[in-house]
Amino acid sequence: AQKVTQAQTEISVVEKEDVTLDCVYETRDTTYYLFWYKQPPSGELVFLIRRNSFDEQNEISGRYSWNFQKSTSSFNFTITASQVVDSAVYFCALSEAKQGAQKLVFGQGTRLTINP
Amino acid sequence: DAGVIQSPRHEVTEMGQEVTLRCKPISGHNSLFWYRQTMMRGLELLIYFNNNVPIDDSGMPEDRFSAKMPNASFSTLKIQPSEPRDSAVYFCASSATGGLPNEQFFGPGTRLTVL
C-alpha cells in the first residue's frame, strides 16, 4: 500500500529564515508521481509541483526548491528566505503512474508559520 | 476561466437529515474527485470519476454516502442520513486526464457541520 509521512506536524520560523519540509513515502510501484500542495488559511489547495520517479533532478522555482532522493524515498521541500505569505499547511502526495490512475495519497500535512 | 465550483460553501444540518454537496469541475477536465478533510484523518479520497464513470469508491465510508456524476459538468455527493462524525470539509477537485496523473485543481470546499 502507498503511504506518505510528513513527520513535522508544525514548524514555526522567523521571516527570512530558510525552512525545509520533510516528506517520506512508501510504495511498491517502480514508477510513481510525487506532488506538493499548499493550503493557505483561506482553505483551498494549491498545486505546487509534480515529479515523476524517473526524474531525480532537483527543481527550483523562485524561492521554492525540491529535493527528490529515490534512495531514501524522500521528496523534501525547501523555502528560502521565507515570507509571512508562505504561512500555510503543506501537503506531500503520491500517485501511481499508470494510465487512468489518478488517486492521490496525501500525507498528514505540515503547518508552517512564518513570524514577522 | 472559472475554477472548480462547489456549493454550498457552508452547511449546517441536524443529525439524520439528508445533505447534498455539489460540484462543477473545470470545463474540459474529465476526472473528478471528492475528498474529505478532518483534523483526525487528514485528507482522504472518497471517490473519483473518469469520464463520468466512478473508478474507485473504496474511500466512501459507508452506504450512507453516495456520489453521482450525471454529466461532465456536474457531480453530487450525498449523505443520507447524516451523522455528527460526518462533519468535515469536503473538497471537489478536477483534472485533465492525459493518461498519467496530472495536477488536480481543487474547489474552495464545503464546510459541513452536523449537529
Cα shape, segment B:1-62, gyration tensor, a/c 1.5 rule: oblate
Percent of Cα-Cα distances greater than 24 Å, calculated over chain B: 19 percent
Alpha-carbon Rg with Dmax, taken over chain A, Å: 13.9, 45
Filtered chymotrypsin sites (Phe, Trp or Tyr not before Pro), segment B:1-95: DSSP coil and at most 12 other beta carbons within 10 Å: none
Proxy reagent accessibility, fewest Cβ within 10 Å first, across B:R41, B:R22: B:R41, B:R22
Greater than 29 Å apart at Cα, pairs in A:K38/B:K78; A:K70/A:K103; A:K70/B:K68: A:K70/B:K68
Chymotrypsin sites (Phe, Trp or Tyr not before Pro) restricted to segment A:12-67 and DSSP loop, no more than 13 other C-beta within 10 Å: A:F54
Residues A:V84, A:V105, sorted so that the one with the fewest Cβ neighbours within 10 Å comes first: A:V84, A:V105
Sorted by Cβ neighbour density within 10 Å, fewest at the top, the residues A:D22, B:D86: A:D22, B:D86
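We did not get these values from a lab; they are worked out from the coordinates using the rules stated. Here the structure is a predicted model, which means the values were calculated and not measured. Here the Cβ is made from the backbone with ideal geometry for all residues, glycine too, and neighbour counts use every protein chain on show.
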